[in-house]
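Input: a single structure, listed below in structure tokens.
The values are calculated or read from the model by the stated rules, or taken from the named source; none is laboratory data. These figures come from a predicted structure and were not determined experimentally. Every residue, glycine as well, gets a Cβ built from its backbone with ideal geometry; the counts of neighbours run over all protein chains shown.
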Amino acid sequence: MFFITGLYLTDPRLLIAGYERWTLLMFAGFMLYGLIQKRQNSLSVNKLEDLLAESSNVDTSKDFASFGELLQIGFQIYAIAFFIKLLFIYFLFNFYDPSLIEIIKEVSEKLFLEHQDFSKDTNEIIQQRLAQFREGSFGPQLTDFLGIGVELVLGFIMAFVMALFFKREQPEY
């Protein structure tokens, strides 16, 4: 949230120009930190007496974590960070500064006009298409289930890959 707030205070147009990539990298950093911490602190003991009785058999490196544990923690970190960001962006765009939606409309309209082939269309048809485009929703919505689903799938894939790299099963001897 501090990152997004910093972008907003610097220049609100930065919120349109690809801040998602930077937040994705930040989420990956959070996941990486959480997985490393889990792997280093994964020794679980039910009772202090068990630890004292088996102190000679306990590996003191505490550097073991299963794939499932790491996948679960990585995805939880991503999902929590994503929903916090989603709510913050929703509040920022819809309540705090609705003028951001107009900025998005302007930028989207420019992209729409640049990437459409209007060579065979008349000016009237171009204006109709532009009017249809302007009627669409441009701000963040909590009911955008497809977008939320894609983000969560992306988070799952990131957690999966990180869990593959950081898993280390405790040897059975």
Task: region 94-112, subset touching a residue at least 12 places away in the same chain (Cβ under 8 Å) and charged (D, E, K, R), residue farthest from Pro140 (Cα to Cα) - done: Glu109
Task: Residue among Leu146, Leu142 that is farther than 26 Å from Lys38 by Cα, under 17 Å from the mean Cα position of the chain (by Cα) and at pLDDT below 85 - done: Leu142
- [ ] Please identify the pairs in which a residue from region 124-135 that is closer than 15 Å to Lys105 by Cα has its Cβ atom under 6 Å from the Cβ atom of a residue that is at pLDDT below 70, counting only partners at least 6 apart or on another chain.
- [x] Phe133/Phe112
- [ ] Kindly state which helices (runs of 4 or more DSSP H) lie completely within region 17-128 and contain at least 3 residues that are at pLDDT 75 or above.
- [x] 19-40, 67-91, 99-115
- [ ] Could you give me the residue pairs with C-beta distances under 6 Å whose first residue belongs to region 27-40 and is closer than 13 Å to Gln72 by Cα, whose second residue is of a type in the set (Phe, Trp, Tyr) wherever it lies, and which are 6+ apart or on separate chains?
- [x] Met31/Tyr78; Leu35/Phe166; Arg39/Phe166
